[in-house]
Amino acid sequence: MKDPQRVKVLFIIPNLDRGGSEKVFYHILKYIDKQKFDITAAVVTRPGIYYDLLPENIHKELLGAKKVKYSFLPIIRLIRTYQPDIIFTFNVNHLNLIIIPLLKLLFYRGKLITRESNIMSVVNAKKGKLKPFVDFAYRLLYKRVDTVICQSKYMKQDLLEKYNIRHSQITLINNPFIFEDIINSSNADKLRLSPSTYNLLAVGRLTYQKGFDLLIKALTYVKVDFHLTIIGGETFEHPEYKEHLYALVDQLRLSDKVTFQGFEKNPYPFMKQANVLVLPSRHEGFPNVALEAMALGKSVIAFASPGGQNDLIVNGKNGWLVEFGNLEELAQVISRQAHTTLDEQTIINIVKNDYDISSVIRKYEKLLSSIVNPK
């Protein structure tokens, strides 16, 4: 029986593997007020590393579909079982192309919120000849969405200009981080990186999107002594990219300059001991890793590619933005940073007030309450 005092919210995500969107999903469900919201978390395919960490005072459903596109029947049963007031999707792997038609089929009368995880036009471009059809589907289906959550101004502008989504449909909510947890987790009992070396750090899944191949190529232009550590594991979808990176390092004779650390459950000691974080992504939704590094007072050097890093980085204050694909400029900025020190407290202050978990969760709670009880 429905609790009249609580809003029933069904959160749906393709998987809970080790990714930025998956971490945000976990944090929202952990910290949201359970006295106000009756939460169900549904994972469509793989449980990943976060499923067992989800709080015990919510409902959990692992649908076990092989792929998102095979999840029609499990999702239908899920919605009929829980009859939520709000369905909240994380649009990863084009999940909404499945969910929204099903809602129409089920004559679902509740509210629909979706959180975009990346720049939609960039992701759809990977569909090649199918892109016009995928774009058309989103333009048509998103008329049914009550609120689209974006993490950056770039993402918002992309939806407004290319997908005919109304201003009134879009809400900008930053990704959260837990300041105290990052600080505490960064205090390692041993050295992870050599203090006598200029340490570059890159963190992310080993996928083409993350642009580690571009960073490795740029290293051949760097004019100072350095060592790069890359933290991140291969992905279920693209395991071949890891081998490409290994081969590239060997080809450029950088084996003594680059370490592939693999996946690290706690990357924060590496961040604390690094001199700078490099973000060479081809595109980003919003780079959580940049936020986390800044929480530790580290400057971030990033490509000015499509994504939230353009909102986050203030040149000369907490890092630098470099023209996308300009490997020589990237190397120049990396080399210059070896002799430049930005104020760590300034870097921390830039991110702490706007991105700490408490302020972000309040924005989510306000949205969920207002959408079912509009003034």
So which residues in segment 82-97 are modelled with pLDDT of 95 or more, β-branched (Val, Ile, Thr) and within 22 Å of Arg46 (Cα to Cα)?
Ile87, Thr89
Which listed residue is assigned to a strand (DSSP E or B) and crowded, with 20+ Cβ neighbours inside 10 Å, from Ile39, Ile28
Ile39
Mind checking which residues of segment 59-91 are part of a helix (DSSP H, G or I) and of a type in the set (A, V, I, L, M, F, W, C)?
Val68, Phe72, Leu73, Ile75, Ile76, Leu78, Ile79
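A quick yes/no check of all residues on (1) without any contact (Cβ under 8 Å) to a residue 40 or more places away in the chain; (2) touching a Ser or Thr at 6+ places or on another chain (Cβ under 7 Å); (3) not hydrophobic (A, V, I, L, M, F, W, C):
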{"site": "Lys257", "(1), (2), (3)": "yes, no, yes"}
{"site": "Phe260", "(1), (2), (3)": "yes, no, no"}
{"site": "Ala295", "(1), (2), (3)": "no, no, no"}
{"site": "Ile348", "(1), (2), (3)": "no, no, no"}
{"site": "Asn373", "(1), (2), (3)": "yes, no, yes"}
Residues being in contact with a Lys or Arg (Cβ under 6 Å, 6 or more places away or on another chain) and either among the acidic types (Asp, Glu) or closer than 19 Å to Leu330 by Cα (or both) - total across segment 184-220
3
Anything in segment 16-25 that is part of a loop (DSSP other than H, G, I, E, B) and buried (at least 24 other Cβ atoms within 10 Å of the Cβ)? List them, or say none.
Leu16
Quick one: count up the residues across segment 251-263 that are surrounded by fewer than 17 Cβ atoms within 10 Å (Cβ to Cβ) and β-branched (Val, Ile, Thr).
1
Residue check: is Pro101 within 29 Å of Asp158 (Cβ to Cβ), in a loop (DSSP other than H, G, I, E, B), in the same structural domain as Leu172 (by TED's automatic domain parsing) and not aliphatic (A, V, I, L, M)?
no
Look through segment 264-306, keep the residues that are under 18 Å from the mean Cα position of the chain (by Cα) and among the polar types (S, T, N, Q), and return whichever of them is surrounded by the most Cβ atoms within 10 Å (Cβ to Cβ).
Ser281
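I'd like to verify a number: residues in segment 124-138 that are part of a helix (DSSP H, G or I) and without any contact (Cβ under 8 Å) to a residue 40 or more places away in the chain, how many?
10
This table checks each residue for (1) closer than 18 Å to Pro287 by Cα; (2) out of contact with any helix residue (DSSP H, G or I) (no Cβ under 9 Å at 6 or more places or on another chain); (3) of a type in the set (Phe, Trp, Tyr).
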{"position": "Val322", "(1), (2), (3)": "yes, no, no"}
{"position": "Glu328", "(1), (2), (3)": "no, no, no"}
{"position": "Ile334", "(1), (2), (3)": "no, no, no"}
{"position": "Gln337", "(1), (2), (3)": "no, yes, no"}
{"position": "Ile347", "(1), (2), (3)": "yes, no, no"}
{"position": "Asp356", "(1), (2), (3)": "yes, no, no"}
{"position": "Lys363", "(1), (2), (3)": "no, yes, no"}
Here the qualifying pairs (Cβ atoms under 7 Å; residues six or more apart or on different chains; first in segment 102-115 and more than 16 Å from Phe90 (Cα to Cα); second assigned to a strand (DSSP E or B) and modelled with pLDDT of 95 or more) come out as Gly110/Ile86; Gly110/Ile87
Restricted to segment 110-130 and to residues being over 22 Å from Tyr70 (Cβ atoms) and modelled with pLDDT of 95 or more, the residue surrounded by the fewest Cβ atoms within 10 Å (Cβ to Cβ) is Gly110
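The values are calculated or read from the model by the stated rules, or taken from the named source; none is laboratory data. None of the values given here were measured: they were computed from a predicted structure. Glycine gets a Cβ as well: all are built from the backbone with ideal geometry, and neighbour counts include every protein chain shown.
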